[in-house]
There are 2 protein chains.
Amino acid sequence: MFVEDNRVAMARRTFLGAMAAGVTGAGAQAADKLSARLPAAMVQPGGADVPYGQPSSHEAHVQRTLSTQSGFPVWRTPLQHQHGIVTPNGLHFAVHHNGVPDIAPERHALRIHGLVNKPLRFDLERLMRYPMVSRVHFLECAGNSAANALSPTALDESLGELAGEVSCAEWTGVPLSYLLHEAGLKEGAQWVVVEGADAGSHSRSLPLEALLKDALVALFQNGERLRPSQGYPMRLFMPGWEGNVNVKWLHRLEVTDRPAFTKDESGLYTQVLADGRIERFAFHMEVKSVITNPSGRQTLLEPHGFYEISGLAWSGRGRIARVEVSVDGGRSWVVAQLHAPVLDRAFTRFSLPWQWTGQSAVLMSRATDEHGKVQPLRSEWKRRYAMHSFNHYNAVQAWRVRTDGRVENVYA
Amino acid sequence: MFVEDNRVAMARRTFLGAMAAGVTGAGAQAADKLSARLPAAMVQPGGADVPYGQPSSHEAHVQRTLSTQSGFPVWRTPLQHQHGIVTPNGLHFAVHHNGVPDIAPERHALRIHGLVNKPLRFDLERLMRYPMVSRVHFLECAGNSAANALSPTALDESLGELAGEVSCAEWTGVPLSYLLHEAGLKEGAQWVVVEGADAGSHSRSLPLEALLKDALVALFQNGERLRPSQGYPMRLFMPGWEGNVNVKWLHRLEVTDRPAFTKDESGLYTQVLADGRIERFAFHMEVKSVITNPSGRQTLLEPHGFYEISGLAWSGRGRIARVEVSVDGGRSWVVAQLHAPVLDRAFTRFSLPWQWTGQSAVLMSRATDEHGKVQPLRSEWKRRYAMHSFNHYNAVQAWRVRTDGRVENVYA
């Protein structure tokens, strides 16, 4: 079988040589014989390319999954199909409370006002002239993994469906500190009310000090302008903070001395603790990890075979320091390999070789960040928060590999 | 003007408060008054999102430009629109000698044969089970910037048109060494003939030692499967080497004791030196940089204004160590800031603040890599190669900013 293939290849090379020498008659005959054996792509010229490339039609199943359970559309990244740490723009998760505005950039402006010496207005042209910086960061919805937090039994869903409200990209924009310093901060300035130009004027109050340190007015994502569903033409970007404070379609920043307690921060995005107290303005997404392969609804075809356990870890507070993996439901843990680059508040890829013996196995990953914060078990997380709380869920994800190779979500 | 805007915002907040309290009659009236002043996006719900996201319709001009001057299609990245170091997959450059094959992954296989102990065949399912690694690397066509090498006068084109046959992405795949070691190398193994499953069976002979060190069988680009025009379902990836050896639609690797001198390496991709000798198997792309902003065919609107000079540098031999920028046609040079992360054989972003005085100015960038290799001037490059040579052109790119703000390509 193999020798035959090799002979075909040799014959083809001879044929190509004959073509080059102008012996087309003999060549054509050889090609007829060969065409039955060669892949179709090798016996007919390929198709045309397009100005803006698209994925293969054979990968049409790799798309975001839509959930409307919350009353608004939530588009989730199919993390089980992502390798590496960059999420392509077409698959970046998105949550829309008021649809996706279609904003003509020449009519859009960003205003800075409130406790500033000189209110400012930036159109796109002006903003694009400021120095920009680029940073690779994850972005995660506060409500990511809500089903695992709320559902009494583990739902049999894919990783993307369970925990795909997180993605990672290279964000480029103007440090907000440049603009705020140009406006000049007045005494008493402590907070900034950040508002989007969507139909619900989504808005959040954010502490000024943190914005001056870290915030970008983001204009680009993975090298191209923001997609409409990511806030085109501009959004706020706060590395490591929950998704909804990264206000999309950004058009107004009001510097204030206190939070505005907008509808978006006094309602959906607070968190009730087990003792009834409320955690508000809790912005950081905590340390978390998921095994992407093998993961929910995948099937391992060959028992007694080698598989690479591969996954993603991230922390809203800094770099990932360590990821441990268990293949026995948490009884024992092995330190996984972290793949470079290990970046601040970005996806970090980890992996561990695994020989599956065909027995039922429960796979788990547990990440620790550079500040020593460790992912809790689900039971620990549930003890901390009220029964109906679901934001900032970062507990260990467990997958059971059944004896028939099917992988399913379990609580462990 | 600003105060008015602010008052509108305040009025709207009051209106939203009224809505929340159920006072809809008053609210509706207020909304009518407001709607004339608010951006359209804020007074009507936004549109729906799609499972695989696309760029804004307002950015339709950001696309690859097609050249067919070489007799085959060359799609160039609009580098002047890229910020950061990641090129989005839709804008990655591509060169096709025989069109873009449409390959069904379930019918595709990679074969390894020749001087090996055990010839091997990998279908996609099997290959996907091997451990993978991810690396951010640039990829550049050997013929990038050919116009600057060949044209006696500098063409007035955009950066993308002049030098857009280079892009940068996160590539993920299986190290080829894993597969070659599994096949087992026989004595005498020195080269590998790498063949693509396209209609011209594009093939190159590559030295085994370098492949064992660096080559990937790449399956993913920026987190998703390769696009068809990048070799779906798999391509060879050799960091830092000229584009065409990164064989797309990879289906055959023949281990040999000598190069095959295929049509693709004995013809187009050799380089004639000024003294008539021929440089063959010169794989590395040399150190190079371009200022992306301001660049060809852009216009600076405001004289006596601040502009950020921003650009990209890369080297096929390692990391970028330094980029110098001149704003006076090379008489004086200033060291630019390199933006983190500075990765091995990847785009590195550099920048320098610049105050334009409205005078004519010639901007240039000159990169040095970690091995001390420095970009030559155009005159130096031309002295080294024959008149008609154009591959591996890496000379300093110069842009003249005219007094009317127009930026144009010049030889300097």
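With springs connecting C-alpha atoms under 10 Å apart, model chain B as a Gaussian network and identify which of B:MET42, B:MET364, B:MET285 has the largest mean-square fluctuation.
Of the options given, B:MET42 has the highest mean-square fluctuation.
Out of the trypsin sites (Lys or Arg not before Pro) in the range B:228-277, which ones are loop residues according to DSSP with at most 12 other C-beta atoms within 10 Å?
B:ARG277
Using modelled amide H (1.01 Å from N, peptide plane; none on Pro or chain starts), what sits under 5 Å from the amide H of A:VAL192, excluding residues fewer than 5 places away?
For A:VAL192, the qualifying residues are A:LEU206, A:LEU208, A:THR256.
For chain A, set up a Gaussian network in which alpha carbons nearer than 10 Å are linked by springs, and say which option among A:ARG345, A:ARG319, A:ARG383 fluctuates the most.
Of A:ARG345, A:ARG319, A:ARG383, the most mobile in the Gaussian network model is A:ARG383.
Expected output is a single nm value to one decimal: the length gained when fully extending between B:VAL272 and B:ALA340, i.e. 0.36 nm times separation in residues minus the C-alpha distance. What is it?
20.8 nm is the gain from fully extending B:VAL272 to B:ALA340.
Sorted from largest down, what three extents in whole angstroms do the Cα atoms of chain B have along their principal axes?
87, 56, 36
Roughly speaking, what is the centre-to-centre gap between the range B:307-354 and the range B:138-214 when only Cα atoms are used, to the nearest Å?
With the range B:307-354 and the range B:138-214 each reduced to a Cα centre, they are spaced 24 Å.
Could you work out how much longer the chain between A:THR65 and A:ARG107 gets when fully extended? Use 0.36 nm per residue separation minus the Cα distance between them, nm to one decimal.
Working it through step by step, the gained length comes to 11.9 nm.
For label points placed 7 Å from Cα toward Cβ, what is the shortest-first list of nm distances from A:GLU370 to its copies?
1.9
Once each part is reduced to its C-alpha centroid, what is the distance from the range B:37-65 to the range B:257-305 in angstrom?
Between the Cα centres of the range B:37-65 and the range B:257-305 lies a distance of 37 Å.
For chain B, modelled as a GNM with alpha-carbon contacts under 10 angstrom, which of B:ALA154, B:ALA199, B:ALA163 fluctuates the most?
Comparing B:ALA154, B:ALA199, B:ALA163 in the GNM, the peak value goes to B:ALA199.
Scan around A:ASP102 for amide H atoms under 5 Å from its own, H built in the peptide plane at 1.01 Å from N, and keep only partners 5 or more places away or cross-chain.
Residues meeting the criterion, in which the H sits 1.01 Å from N, are B:GLY47.
Per DSSP H run of at least 4 residues, take -39500 (n - 2.57); add these up for the protein assembly as shown, divide by its residues and hand me the 222 nm value, nearest 500 deg cm²/dmol.
That comes out to -4500 deg cm²/dmol.
For the protein assembly as shown, what is Rg from Cα atoms divided by 2.2 N^0.38 Å, rounded to two decimals?
Cα-based Rg divided by the globular estimate yields 1.00.
Enumerate by residue number the chymotrypsin sites (Phe, Trp or Tyr not before Pro) in the range B:216-296 meeting two conditions: DSSP loop (anything except H, G, I, E, B), and at most 15 other Cβ atoms within 10 Å of the site's Cβ.
When the chymotrypsin sites (Phe, Trp or Tyr not before Pro) of the range B:216-296 are filtered for loop state and at most 15 Cβ neighbours within 10 Å, B:PHE261, B:PHE281 remain.
The numbers here are math on the coordinates, done by the rules we state, and not lab data. Just so you know, these numbers come straight off a predicted model, no measurement behind them. We place every Cβ from the backbone using ideal geometry, glycine too, and count neighbours over all the protein chains shown.
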